[in-house]
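Only one structure is covered here, and it is reproduced in the block below.
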Amino acid sequence: MQNQMIFLIFFVIISPAFIFNIGAAEEHQTDYEALYKELMELEPDKNLVAKVQDFSFRRDAGVFDLKKGKLYLCKPINGRVVAALFEGKGRFRLTPPTEIERRQVRRFYEADSLDQEFKFLVLIFADSTLKEFQSHLNFSRQRVSHQLKKQIKNCLRYMGDEKGKNFEPEFIKTFLENATNSLFYAHFSKNSLKPMFFKINPYEVEEVRFMRRPKNDSVTYRREMISQFHQQSDYEKQSNLAHEDKKLIDVESYRIECWIENNSGVFASSNPNFRAKTEMIFRPITPPDKEWLFFYISPKLEVDSISWKSGTPVDFFKSKDNHLIWIRADSLQIDTTYQLNLSYHGEIIQRYDDYFMLDLSTFWYPRQSFHDKSQFDLYFHVPDIYKFTAAGHQDTAFVDNAAEDGYCVTRWRTYEPIRNASFSMGIFDKHVVENDTLPRVTVYMNKTRRAVRAKRVGEEIARSIDFFREVYGESRADEFFVMETPTLHGESFLGLTNLSGVTFIGDDPWGYDAIHRAHEAAHQWWGVGVDFLTYHDQWMSEGFADYSGLWYLEIVREDQKNFLKKLKDWRKLIVENRQYLLGDGVETGPIWLGYRTVSSETKEDYAVVIYKKGAWILHLLRCYLLDPADLNDDQFRTLMRDFYETYLHRQATTEDFQHFIEDYIHEDMDWFFQQWVYASDIPTYKFAYKQKKTAEGKYLIRFRSFQENAPGFRSSILVTAKMIHNDYQRQRIWITDGLNEFELPLLDSPPEEIIFGDFESALADIKKVDWDELSP
Ligand SMILES: [Zn+2]
């Protein structure tokens, strides 16, 4: 499910929003268009200019010091002054409220606090800013320079764009509703080339964010997030912040009927038409008297009509190239259910010969957010020459009475809410893999491939499903479909796995194919079965799926050599990714930051940190819980199984996982999570050992280790003496800061080999050195 990342980034970088009324027969300016136009034409009011000296104001963790200059209020938007700008000498200071976010500032600015001078400051707000300015400053008429107008234009380029008339939804919503809330936005710079941004968005769970222009990007108007956190009052309340929910409505269910039509005939290479009629049932959570709702949807889709269940048409706004539908929904009652009926169409499926790809796998229906779960009842009318599969449970009893010639209609449902619905199709051959012992898997594969390929892929998926059933428990899917795709990555939904065509070509001897396939199969447990709550917790889907892939390789394929080799390779990636150790570049971020570990200066971070280090965390936990004598991992297995069963159908957080482990093993595991999940240090271990024959004829092995580069870290690792006849004498030892000394229990004969960090039990940069190098 790598698509999740794309959507999260999509959400951050591209400022979504806006509208125009394609429902209206004649051209007239809607409320939206009027607001969009006003916002994009924002300009200072020459009658409202104030001299400023030593004036400070604070917005949450950000402090603005206006040392000396002029402050201009802007002309009203929707009848209200919501913007101002400052030119002169100013400073912005920010100290994030949490250690992890202070470290994030340190990562990019080499200090826990940001202290930045600026010459220009543009503010857009719906909070008390205007009142504050009015009560402290005296406004009069003065000349407004051209340079100032340019600063506002520059600021707006990051927030809206003409193509699709996009503008950030929180501003549209707030100003259309004429609401007073904590919305506050600052764009400031010393020169216009490298602006910084500070924002408080009341509609976001983590309301406060600090952003900058990405490094080495001089073409686009994008912002990259440096720090994001909750507003101060949330920390004061000390409620369960990980589970804070700000959604405006709860979309309970969708009934969607889709038509996928290939107008130009069977062999045409043109993209098929897609049409859908969607009934969306939702329940308002916040009590609104005037409410604008917005839903994310593919920018390529055009909406034909929207009405209430009664048939009453709805005022809506959706332009092409915009990924939001805006809906005016006055006087909604809290905890009452409503039904919206939407019709829309567009070219959202790309055809590549016999393959078909959805542009955005889960944005073919309107969604309130990326994390909400809903029930689905899906009907697809598809040309019968296409092989087709959707997420959910196929209703095999569904009898299609209304099928047109040459079309096949199928029905797919959910029994419990799911996060992502999708579908997949192609001009494929169908292969069913089944035998007495393995679950049945249906594989749809390109017709040009030999059937044996489908059998191998299908059997591997079946064997992994069988293994994950054994170690984690029953999956949510009762049938498993595998679809070949022309991409390089896989993607999984309830019962449906899209696998890269590459894995249908051959099997590699190193286990890449096995891990890739088993990773996608494992998403039926991690991602679909137990969902993750926010971007902080995404490693519990991708990292868990990657470790499941490794585990499958080790146990089912009985390939311990490649299992250990992969762990070693991934450790190398993790160690090398911490570039700052080598003295250049920005250090990597911790797992808990999710997609935010990625920046314009640390582009590889997501794959390494969330997938590979995420997998390593599970491995470290398994090593911590296993019995050193025989590597028995029953405790780890039952822990994972119980965790899965406890959180099945729910969205789990990193904190949930930590607490679950702590309750399970009756031990405080904060040290483990702090060092591996919330921090990004990787220790370096230097080790040496000495062997001595005792007077009694036994063998004494003495160890020294020295830990550096990860202050306060401690790790339990396995140290093993490999004896003759493959007899292993394993010992669990603790490594902490600085010099550690320990001895293995006396051995009867000299060991063949001494293994430090056996079973790849150490996530560290390990170097063997001479004994004398580690003298106390
Ligand atoms: Zn995945």
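The values are calculated or read from the model by the stated rules, or taken from the named source; none is laboratory data. Since the structure is predicted, the reported quantities are computational estimates derived from the model, not experimental observations. No Cβ is skipped: glycine too gets one built from the backbone with ideal geometry, and neighbour counts run over all protein chains shown. The accessibility values were calculated without ligands, DNA or RNA, using every heavy atom of the protein model including side chains. Shrake-Rupley method; radii C 1.70, N 1.55, O 1.52, S 1.80 Å.
In table form, for the structure just shown:
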| read-out | value |
| --- | --- |
| Residue that is in contact with a strand residue (DSSP E or B) (Cβ under 9 Å, 6 or more places away or on another chain), in the same structural domain as GLN228 (by TED's automatic domain parsing) and open to solvent by 10 Å² or more (accessible area, probe 1.4 Å), where the choices are LYS131, LYS149 | LYS149 |
| Search result, residues across the stretch 241-264 that are part of a loop (DSSP other than H, G, I, E, B) and touching a residue at least 60 places away in the same chain (Cβ under 8 Å) | LYS247, LEU248, ASN262 |
| Selection count, the stretch 305-326, where residues are among the hydrophobic types (A, V, I, L, M, F, W, C) and either touching a helix residue (DSSP H, G or I) at 6+ places or on another chain (Cβ under 9 Å) or part of a loop (DSSP other than H, G, I, E, B) (or both) | 4 |
| Search result, residues across the stretch 541-569 that are open to solvent by 10 Å² or more (accessible area, probe 1.4 Å), hydrophobic (A, V, I, L, M, F, W, C) and assigned to a helix (DSSP H, G or I) | ILE555, LEU564 |
| Single condition ALA454 does not satisfy, out of (1) open to solvent by 10 Å² or more (accessible area, probe 1.4 Å); (2) touching a strand residue (DSSP E or B) at 6+ places or on another chain (Cβ under 7 Å) | (1) |
| The lone exception for VAL530 - which of (1) away from the ligand (no atom under 11 Å from the Cβ); (2) assigned by TED's automatic domain parsing to the domain that holds THR448; (3) under 25 Å from ARG413 (Cα atoms) it fails | (2) |
| Residue within the stretch 209-224 that is surrounded by 15 or more Cβ atoms within 10 Å (Cβ to Cβ), aliphatic (A, V, I, L, M) and touching a residue at least 24 places away in the same chain (Cβ under 8 Å) present | no |
| In the stretch 187-205, residue modelled with the highest pLDDT [restricted to those that are part of a loop (DSSP other than H, G, I, E, B) and out of contact with any helix residue (DSSP H, G or I) (no Cβ under 9 Å at 6 or more places or on another chain)] | LYS190 |
| Counted residues, the stretch 99-114 - those being touching a helix residue (DSSP H, G or I) at 6+ places or on another chain (Cβ under 8 Å), touching a residue at least 12 places away in the same chain (Cβ under 8 Å) and surrounded by fewer than 22 Cβ atoms within 10 Å (Cβ to Cβ) | 3 |
| Selection from the stretch 338-358 of residues that are outside any strand (DSSP E or B) and within 26 Å of the chain's Cα centre (by Cα) | ILE348 |
| Some residue of the stretch 235-245 being within 30 Å of ARG351 (Cβ to Cβ) and surrounded by 13 or more Cβ atoms within 10 Å (Cβ to Cβ) | no |
| Output for the stretch 599-614, where each listed residue is over 15 Å from ILE682 (Cβ atoms), surrounded by 17 or more Cβ atoms within 10 Å (Cβ to Cβ) and more than 16 Å from the ligand (Cβ to nearest atom) | SER599 |
| Test: TYR595 is under 20 Å from LEU488 (Cβ atoms), within 16 Å of the ligand (Cβ to nearest atom), within 14 Å of the chain's Cα centre (by Cα) and buried (at least 22 other Cβ atoms within 10 Å of the Cβ) | yes |
| Given (1) among the β-branched types (Val, Ile, Thr); (2) within 21 Å of THR30 (Cα to Cα); (3) open to solvent by 50 Å² or more (accessible area, probe 1.4 Å), index of the condition ILE334 fails | (2) |
| Scan of the stretch 628-675 for residues that are open to solvent by less than 20 Å² (accessible area, probe 1.4 Å) and either farther than 21 Å from SER239 by Cα or over 20 Å from the mean Cα position of the chain (by Cα) (or both), ordered by number | ASP633, PHE636, LEU639, MET640, PHE643, TYR644, ILE661, MET669, PHE672, GLN675 |
| Filter result (in contact with a strand residue (DSSP E or B) (Cβ under 8 Å, 6 or more places away or on another chain), outside any strand (DSSP E or B) and more than 14 Å from the ligand (Cβ to nearest atom)) within the stretch 484-512 | PRO486, LEU494, GLY495, GLY501, PHE504 |
| Members of the stretch 82-98 found to be under 15 Å from VAL208 (Cα atoms), part of a strand (DSSP E or B) and open to solvent by 50 Å² or more (accessible area, probe 1.4 Å), listed by number | ARG93 |
| Among (1) under 22 Å from the mean Cα position of the chain (by Cα); (2) within 26 Å of ASP321 (Cβ to Cβ); (3) modelled with pLDDT of 95 or more, the one test that ILE249 misses | (3) |
| Check on LEU494, buried (at least 24 other Cβ atoms within 10 Å of the Cβ) and either of a type in the set (Val, Ile, Thr) or farther than 28 Å from GLU655 by Cα (or both) | no |
| Residues located in the stretch 461-476, provided they are within 16 Å of the ligand (Cβ to nearest atom) and open to solvent by less than 10 Å² (accessible area, probe 1.4 Å) | ILE461, SER464, ILE465, PHE468, TYR472 |
| Test: residue in the stretch 375-387 that is β-branched (Val, Ile, Thr), at pLDDT 95 or above and either in the same structural domain as GLY495 (by TED's automatic domain parsing) or more than 24 Å from PHE175 (Cα to Cα) (or both) | no |
| All positions within the stretch 281-331 that are within 19 Å of GLU33 (Cα to Cα), under 28 Å from the mean Cα position of the chain (by Cα) and open to solvent by 50 Å² or more (accessible area, probe 1.4 Å) | GLU302, LYS320, ASP321 |
| Some residue of the stretch 348-359 being in contact with a strand residue (DSSP E or B) (Cβ under 9 Å, 6 or more places away or on another chain), more than 19 Å from SER424 (Cα to Cα) and not assigned by TED's automatic domain parsing to the domain that holds GLU33 | no |
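Okay, residues lined up against (1) open to solvent by 10 Å² or more (accessible area, probe 1.4 Å); (2) without any contact (Cβ under 8 Å) to a residue 60 or more places away in the chain:
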position: ALA421; (1), (2): no, no
position: ASN435; (1), (2): yes, yes
position: VAL443; (1), (2): no, yes
position: ARG449; (1), (2): yes, yes
position: GLU459; (1), (2): yes, yes
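Quick grid of which residues meet (1) over 30 Å from GLY594 (Cβ atoms); (2) not aromatic (Phe, Trp, Tyr):
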| position | (1), (2) |
| --- | --- |
| ALA84 | yes, yes |
| PHE92 | no, no |
| GLU101 | no, yes |
| SER113 | no, yes |
| HIS136 | yes, yes |
| PHE167 | no, no |
